[in-house]
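Right, one structure below, let's go through it.
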Amino acid sequence: MNKNDLVPFGFLGKPHGLRGNVSIRFFNKNSKLLKNEDKVLLGGINIGRSFMKSFYLSGHRNFNNRGCEAIVRSTVGLLRQEFGAVEVLVSSGDISRDTAQWPDAAELGVEFVPDYFPAYTRYWVNLQRLPIPALKTAGWPFPISEAFKELLQRVDVVLSVGGDNYSLDYRLPSWLMGVDRLAMNLRKPVVLWGASVGPFEKVSAFVPIIRKHLADMSLIAVRESASDNYLNETLGLNNIIRMADPAFTLIPEPVSTIPFWPVEKGNGVLGLNISPVIEKYHHSGSDLRTEIVEFIRVTVKNYDISVLLIPHVVPLNGDIKNNDADYMRSVLDSLSDLGSRVRMMDSALNAAQIKHVISQCRFFIGARTHSTIAALSSIVPTVSIAYSIKAKGINQDLFGHQDAVIESAEVSQTSLLAGLEWLLTHEQELCEQLTLRLVVAKKQIVCAMERVREFV
């Protein structure tokens, strides 16, 4: 910014009787909102960031999982809605790729910063899987750098995101506990944000450790009733509030579907997400890919419904491990006889673009939790494939039942067809219920963010 862009202003005051905080945004003479790095001079002093609140999002690793991306994007939007211009530091293990995935992030006050997970720490995470009680209670034994401590000193509140990091679905969450505990020790408010939590009883030695850790958090905002009940009734915690997953508020980004949309000849398009994760939970005795292929074949031939395969976890570096697109490509290859009635979405799309694509489907069946949230929040009748409490809890809270949930262990041609039949039978009812319930869900989310203000 040069001196020709400077615009003088007079007295800044708060009107008498106005309660709460006043958000002040600065613009240049061309009405362009100033960025965080731009100078704002008051009495010759640069006050640039002094009017903005600063937040750190812990628990985020990268945008490989578009669900993680959806949580981050929607949380930033909610912070801006509540606080105006904000600074949001987002931990990232792959800053260049995350930045490319969200190119306008900086304009929204987002700065990707290195996460604190040196490569060697993955060995500790694996070591803790051994059935040795002392390892389960050892916590995070690695020193944390002064640079990272300085970063945390810079923020007003830490929001621990990630959805289900505080569970046993993947590993002991000791790595995240180490970061969040450091923030607590620095007297920073830590809010567990939009999470599914627990249960932890499979590792009994860990239960008192995690209970104490969770009790020390300023606030735990859980996204479904199963976690709420567990934390209140089993762990006896009293710092709990309910909200819906923040990704329910993600704003879709329009994108052309022409390059990959299947040919519609009859009854619309079914969006289908199948994850390689459910392979380890699948116990029906049959080959999962074969069951999925036959389900799609019947869907197209007997129901005259086209199918769009929708990857939702695709590593940005092209890695085939835990890659929905790679997994479903083999399914697509087995259905070449159906031609363009079965297609697969471009796997390079971001979370907001994927939500737009899903919103164009008549029905949706998904294994990735946030693929189903994208569908449900777009009023698309949905069947969830569940491998943990989160899908069950979200469905229970939205509909009062779990009729639209298929257990991962029970996924088969038969169960998927039964799910599709259920959607066809209850289509109008589901759309009406979702329209009403989404109003409640979004109000919950806004109220939860208002609670965050208490700690700023």
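Of everything in region 247-292 that is part of a helix (DSSP H, G or I), assigned by TED's automatic domain parsing to the domain that holds Leu417 and under 30 Å from Ile445 (Cβ atoms), the residue that is nearest to the chain's Cα centre (by Cα) is Val277. Among the residues of region 322-336, write down those that are over 11 Å from Arg289 (Cα atoms) and either of a type in the set (A, V, I, L, M, F, W, C) or under 20 Å from the mean Cα position of the chain (by Cα) (or both). Correct list: Asn322, Asn323, Asp324, Ala325, Leu335. Any idea which of Ala226, Ala244, Ala215 is within 18 Å of Cys68 (Cβ to Cβ) and of a type in the set (Gly, Ala, Ser)? Of Ala226, Ala244, Ala215, the one residue that is within 18 Å of Cys68 (Cβ to Cβ) and of a type in the set (Gly, Ala, Ser) is Ala244. Pairs please, first residue from region 187-205 and in contact (Cβ under 8 Å) with a residue 24 or more places away in the chain and farther than 14 Å from Tyr170 by Cβ, second anywhere and among the acidic types (Asp, Glu) and surrounded by fewer than 18 Cβ atoms within 10 Å (Cβ to Cβ), Cβ atoms under 9 Å, 6+ apart in sequence or on different chains. Here the result reads Lys188/Asp156; Pro189/Asp156; Pro189/Glu454; Val190/Asp216, each pair linking region 187-205 to a residue that is among the acidic types (Asp, Glu) and surrounded by fewer than 18 Cβ atoms within 10 Å (Cβ to Cβ). Within region 181-212, the residues that satisfy the criterion of being touching a Gly at 6+ places or on another chain (Cβ under 8 Å), outside any loop (DSSP other than H, G, I, E, B) and small (Gly, Ala, Ser) are Gly194, Ala195. Given the condition at pLDDT below 90, acidic (Asp, Glu) and buried (at least 18 other Cβ atoms within 10 Å of the Cβ), answer yes or no: does some residue in region 162-181 qualify? Yes, the conditions are met somewhere in region 162-181. Of all residues in region 216-225, those being over 29 Å from Leu398 (Cβ atoms) and part of a helix (DSSP H, G or I) number 0. Applying the criterion of being within 29 Å of the chain's Cα centre (by Cα) and free of Cβ contacts under 8 Å to residues at least 60 places away in the same chain to the residues of region 293-312, the residue that is surrounded by the fewest Cβ atoms within 10 Å (Cβ to Cβ) is Val293. For region 206-227, a residue qualifies if it is over 28 Å from Ala441 (Cβ atoms) and touching a residue at least 40 places away in the same chain (Cβ under 8 Å), and the qualifying residues are Phe206, Ile209. Against the definition (farther than 23 Å from Lys442 by Cβ, under 22 Å from the mean Cα position of the chain (by Cα) and touching a residue at least 12 places away in the same chain (Cβ under 8 Å)), how does Glu69 come out, yes or no? In short, no. Quick check: is even one residue across region 433-454 modelled with pLDDT of 95 or more, under 29 Å from Glu294 (Cβ atoms), small (Gly, Ala, Ser) and buried (at least 19 other Cβ atoms within 10 Å of the Cβ)? Looking for residues that are modelled with pLDDT of 95 or more, under 29 Å from Glu294 (Cβ atoms), small (Gly, Ala, Ser) and buried (at least 19 other Cβ atoms within 10 Å of the Cβ), one finds none in region 433-454, hence no. Selection of region 94-146 for residues being closer than 18 Å to Arg73 by Cβ, in a loop (DSSP other than H, G, I, E, B) and either among the aliphatic types (A, V, I, L, M) or modelled with pLDDT of 85 or more (or both) yields Asp94, Trp102, Pro103, Asp104, Ala105, Gly109. Looking only at residues of region 188-228 that are modelled with pLDDT of 95 or more and of a type in the set (Lys, Arg), we find that the one that is surrounded by the fewest Cβ atoms within 10 Å (Cβ to Cβ) is Lys212. Determine whether region 111-133 contains at least one residue that is in the same structural domain as His60 (by TED's automatic domain parsing), closer than 19 Å to Met52 by Cβ and not acidic (Asp, Glu). There is at least one residue in region 111-133 that is in the same structural domain as His60 (by TED's automatic domain parsing), closer than 19 Å to Met52 by Cβ and not acidic (Asp, Glu). Of the helices (runs of 4 or more DSSP H) lying entirely inside region 364-456, those carrying at least 1 residues that are more than 22 Å from Pro311 (Cβ to Cβ) and in contact with a Gly (Cβ under 9 Å, 6 or more places away or on another chain) are 389-399, 413-452. The set of residues in region 231-275 being in contact with a Phe, Trp or Tyr (Cβ under 9 Å, 6 or more places away or on another chain) and crowded, with 18+ Cβ neighbours inside 10 Å consists of Leu235, Met243, Pro246, Val269, Leu270, Gly271, Leu272, Asn273, Ile274, Ser275.
The values are calculated or read from the model by the stated rules, or taken from the named source; none is laboratory data. Please read these numbers as outputs of a predicted model, since none were measured by experiment. Cβ sites come from the backbone with ideal geometry, for glycine too, and all protein chains shown count toward neighbours.
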